[in-house]
Amino acid sequence: MTELRQLVGKRVVMTGGAANIGRATAQLLALHGAHLVIGDIDTAGAAETISLITATGGTASFVETDVTDETAMKNLIDTAADRLGGLDVGFFNAGLQRSGPVTDFEVDEWDALFRVNPRHCFLGAKHITPHLQGGGAIVFTASLAAIKGGPGMTGYSASKGAIVGFSKALAAELAPSRIRVNTICPGWIDTPFNQPAIDFMGGRESQESAVRQVVPLGRQGSPDEIAGGVLFLASDAASYMTGQILVIDGGVS
Ligand SMILES: NC(=O)c1ccc[n+]([C@@H]2O[C@H](COP(=O)([O-])OP(=O)(O)OC[C@H]3O[C@@H](n4cnc5c(N)ncnc54)[C@H](O)[C@@H]3O)[C@@H](O)[C@H]2O)c1
């Protein structure tokens, strides 16, 4: 019988797998035969992700990780390589959102965004590359906010834009080693992550009304609708694709 699963036996390390987009993606990659090690700061959420995956016959384990800590990031990646006997894919998805007008935005908030969003992608790339010497795939989660601005989003947009720039240079640098690097840019996905933006917009009703106006498909997306994009970028279906952003935004951009 033809094998329809796209990641059979692929060894994946990922961050931000405790909920929402990361959890949905971890579940989909596992269904497609990947073996996963998940790093997150949220131990309870990650434990739930692991039990959802193992309940359906998948392979996944957890390493408690604060992605702002280089030692912890290296430990996550090296532990994943030890547990899985090597690595084929890195998915760096952990993220933080803060919202507010630029005049009120605190330097500490700006720095927190950069410490989690682009800096942890850099740390992931730095420490996974030595494990991908036979080739592999790196996928980062940026955002529609990296390429399309909105009020109150200067810090978040800047931090996600940095991921896009980083990923393009990294793709050029790692192409000779047959390591592909691509970035997914979700639009409005309905998760509690957006609460700072929702508050800035004046509450849930205002946000939903804005979504109806600006999203051609007329609704927010779901985590599952992002997971399919990550599966594609991580798999051999994207074997001739590197240095790209894949925008999944209901048509906004
Ligand atoms: N929800 C959206 O509309 C949307 C849109 C565009 C991009 N994104 C991006 O998608 C990714 C996932 O977002 P989500 O909506 O699933 O939100 P989420 O809050 O459920 O996911 C973020 C994950 O990152 C983890 N994390 C945060 N800080 C961490 C740290 N210091 N160390 C380790 N883990 C840490 C959280 O515990 C969580 O599991 C994020 O990178 C986010 O920026 C989301």
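Laboratory data are not the source of any read-out in this text; all were calculated from the coordinates shown. These numbers were taken from a predicted model, which means no experiment stands behind them. Ideal geometry is used to build each Cβ from the backbone, glycine not excepted, and the neighbour counts take in all protein chains shown.
In a Gaussian network model over the chain where Cα atoms closer than 10 Å are linked, find which of Met153, Met241, Met14 has the largest mean-square fluctuation.
It is Met241.
Can you sort Glu106, Glu3 so the residue with the fewest Cβ neighbours within 10 Å comes first?
Numbers: Glu106 11, Glu3 8.
In increasing order of surrounding Cβ atoms, one gets Glu3, Glu106.
Sort Leu170, Leu31 by Cβ crowding within 10 Å, fewest neighbours at the top.
The order, fewest Cβ neighbours first, is Leu31, Leu170.
If you take the square roots of the eigenvalues of the alpha-carbon gyration tensor of the range 68-218 and sort them as a ≥ b ≥ c, do you get rounded (a/c under 1.5), prolate (a/b over b/c) or oblate?
Values: a/c = 2.32, a/b = 1.92, b/c = 1.21.
Prolate is the answer for the range 68-218, as a/c is 1.5 or above and a/b outweighs b/c.
Identify which of Ala210, Ala26, Ala142 has the largest mean-square fluctuation in a Gaussian network model of the chain, with springs joining Cα atoms closer than 10 Å.
Of Ala210, Ala26, Ala142, the most mobile in the Gaussian network model is Ala210.
Along the charge dipole of the range 182-228, Cβ charges K/R +1 and D/E -1, which of Ile189, Ala227, Gln213 sits furthest on the positive end?
Selected residue: Gln213.
Only helical DSSP H runs with n ≥ 4 go in: add -39500 (n - 2.57) per run for the chain, normalise by residue count and round the 222 nm mean residue ellipticity to 500 deg cm²/dmol. Mind showing how you got there, number by number?
Values: 8 runs with 112 residues, N = 253.
Using -39500 (n - 2.57) per qualifying helix, the result is -14500 deg cm²/dmol.
What shape does the range 179-253 take by its C-alpha gyration tensor, where a ≥ b ≥ c are the square roots of the eigenvalues and a/c under 1.5 counts as rounded, a/b above b/c as prolate, and the rest as oblate?
Working: a/c = 2.85, a/b = 2.42, b/c = 1.18.
Prolate shape, in that a/c is at least 1.5 and a/b is the bigger ratio.
If each residue's Cβ is checked for other Cβ atoms within 10 Å, how do Cys121, Cys185 rank with the fewest at the top?
Details: Cys121 30, Cys185 24.
Starting with the residue having the fewest Cβ neighbours, the order is Cys185, Cys121.
Around Ile147, with a cut-off of 11 angstrom between Cβ atoms, what is the net charge of the other residues, counting Lys and Arg +1 and Asp and Glu -1?
Numbers: positive: Lys148, Lys160; negative: Asp249.
Here the charged neighbours net out to +1.
Over the chain, what number does the Rg to Rh ratio reach, with both radii from the alpha-carbon atoms and Rh per Kirkwood? Before the final figure, lay out each step's value.
Working: Rg = 17.4 Å, Rh = 18.2 Å.
Reported Rg/Rh, Kirkwood definition of Rh: 0.96.
Between Glu208 and Asp42, what is the label-to-label distance in nm when each label sits 7 Å out along the Cα-to-Cβ direction?
With each label point 7 Å from Cα toward Cβ, the separation is 2.2 nm.
Compute, for the chain, the length of the dipole vector about the Cα centre, with Cβ point charges of +1 (Lys, Arg) and -1 (Asp, Glu) only. Units Debye, rounded to 20. Spell out each step's value before the answer.
On the way: 18 positive and 25 negative charges, 159 e Å.
Around 760 debye, computed over the chain.
Quick one: net charge around Gly134, please, counting Lys, Arg +1 and Asp, Glu -1 for every other residue with C-beta under 15 Å from its C-beta.
Values: positive: Lys10, Arg11, Arg178, Arg180; negative: Asp88, Asp236.
Taking every Cβ under 15 Å from that of Gly134, the sum is +2.
For the chain, build the charge dipole from Cβ charges (+1 Lys, Arg; -1 Asp, Glu) around the Cα centre, then report which of Leu52, Trp110, Ile198 sits farthest towards its positive end.
Toward the positive end, the furthest listed residue is Leu52.
Hey, can you grab everything whose amide H is under 5 Å from the amide H of Gly17? Only 5+ residues off in sequence or another chain; H modelled, so Pro and N-termini drop out.
Gly39
Count the lysine pairs in the chain whose Cα atoms sit under 23 Å apart, keeping only pairs 8 or more residues apart in sequence or on different chains.
10
For the range 191-206 and the range 132-176, write down the distance between their C-alpha centroids in whole Å.
Value for the Cα centre distance between the two parts: 24 Å.
When a/c is below 1.5 the answer is rounded, else prolate if a/b is larger than b/c, else oblate, so apply that to the range 1-43 with a ≥ b ≥ c taken from the square roots of the Cα gyration tensor eigenvalues.
Note, shape of the range 1-43 comes out prolate.
Can you list which of the DSSP-assigned H helices in the chain have a Cα extent of 27 Å or more along the long axis and an average Kyte-Doolittle score of at least -0.5?
Values: long enough: 107-128 (30 Å, -0.18); 154-174 (29 Å, 0.53).
Helices passing the filter in the chain: 107-128, 154-174.
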